[in-house]
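To start, the structure under review is shown below, and the notes come after it.
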Amino acid sequence: MAETKQARPVWSRSDKAGLRFRAAVDADMPFLSRLYASTRMDELAVTAWSDAQKAEFLSMQFQAQHAHYQKHYPEADWLVVERAGKDIGRLYIERWPSQHRIIDIAFLPEHRHKGYGTALLRDLIDQAWLAGKSVSIHVEKHNPARWLYVRLGFAVVEDKGVYDLMACAAPSGGAG
């Protein structure tokens, strides 16, 4: 894994939710691979593949995604999200002059629907808006979390086929 910058300070909502962040290191790769696999389980449930075939496919897909992210987002923060001393998710984000791009945000299944994503996303929006920037993310058209992005003010700004580029624009007139 490439060198990463230090994790950003804890934000207020994330702090209240008990979330902590640390830079991902090579030793986190098995966790990150397992986390990635957890985001694809529903999709693979309809296949006739054996568990071994699914595991091999998911491993290859994780490696390809990881390589793609490292290549196309060289200045990103690669963060592991922790709660109560346990790794529960990941946040990959790159801050550009015009916007903050959320590359990926994911939580293990047992940590979804508990408000952690909402807290983290609201903090990320606040951080970007204070800098006068928008926040953007690519979201699969059938991603169940899509409703959350819409509820938080994200709107589709570009159709990318399987994905939509969604953005939450900073309010006009400055920070929000």
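The values are calculated or read from the model by the stated rules, or taken from the named source; none is laboratory data. It should be emphasised that the depicted structure is a prediction, and the values quoted were computed from it without experimental measurement. Heads up, the Cβs are rebuilt from the backbone with ideal geometry, glycines too, and the neighbour counts pull from every protein chain shown. Remember, those area values only see protein heavy atoms, side chains included, never the ligands or the DNA or RNA. Shrake-Rupley method; radii C 1.70, N 1.55, O 1.52, S 1.80 Å.
For the range 129-168, how many residues are among the hydrophobic types (A, V, I, L, M, F, W, C), part of a loop (DSSP other than H, G, I, E, B) and at pLDDT 95 or above? Even if it seems obvious, please write down each step before you answer.
Residues of the range 129-168 that are among the hydrophobic types (A, V, I, L, M, F, W, C), as a first pass: 129-131, 135, 137, 139, 145, 147-148, 150, 152, 154-157, 162, 165-168.
Remaining after also requiring part of a loop (DSSP other than H, G, I, E, B): 131, 145, 152, 154, 162.
Next cut, at pLDDT 95 or above only: 152, 154.
Here the count works out to 2.
If you go through the range 147-157 and pick out every residue that is open to solvent by 50 Å² or more (accessible area, probe 1.4 Å) and either of a type outside the set (A, V, I, L, M, F, W, C) or more than 19 Å from Gln99 (Cβ to Cβ) (or both), you end up with 2.
Do we find a residue being at pLDDT 95 or above, in contact with a Phe, Trp or Tyr (Cβ under 8 Å, 6 or more places away or on another chain), open to solvent by less than 90 Å² (accessible area, probe 1.4 Å) and acidic (Asp, Glu) anywhere in the range 97-115? Yes; the residues of the range 97-115 include at least one that is at pLDDT 95 or above, in contact with a Phe, Trp or Tyr (Cβ under 8 Å, 6 or more places away or on another chain), open to solvent by less than 90 Å² (accessible area, probe 1.4 Å) and acidic (Asp, Glu). Suppose the filter is buried (at least 16 other Cβ atoms within 10 Å of the Cβ) and closer than 30 Å to Ala27 by Cβ; does Asp164 pass it? The answer is no for Asp164.
Taking Arg13, is it within 19 Å of the chain's Cα centre (by Cα) and open to solvent by 60 Å² or more (accessible area, probe 1.4 Å)? In short, yes. Using the structure shown, decide if Met29 is under 21 Å from His113 (Cβ atoms) and assigned to a helix (DSSP H, G or I). No.
Taking Leu91, is it part of a helix (DSSP H, G or I) and buried (at least 17 other Cβ atoms within 10 Å of the Cβ)? The answer is no for Leu91. Residue pairs whose Cβ atoms lie under 6 Å apart, separated by 6 or more positions or on different chains, with the first residue in the range 142-159 and farther than 17 Å from Arg112 by Cα and the second open to solvent by 90 Å² or more (accessible area, probe 1.4 Å), do not occur. Hey, any hits in the range 67-79 for a residue that's open to solvent by 20 Å² or more (accessible area, probe 1.4 Å), hydrophobic (A, V, I, L, M, F, W, C) and free of Cβ contacts under 8 Å to residues at least 40 places away in the same chain? For the range 67-79, residues open to solvent by 20 Å² or more (accessible area, probe 1.4 Å), hydrophobic (A, V, I, L, M, F, W, C) and free of Cβ contacts under 8 Å to residues at least 40 places away in the same chain: present.
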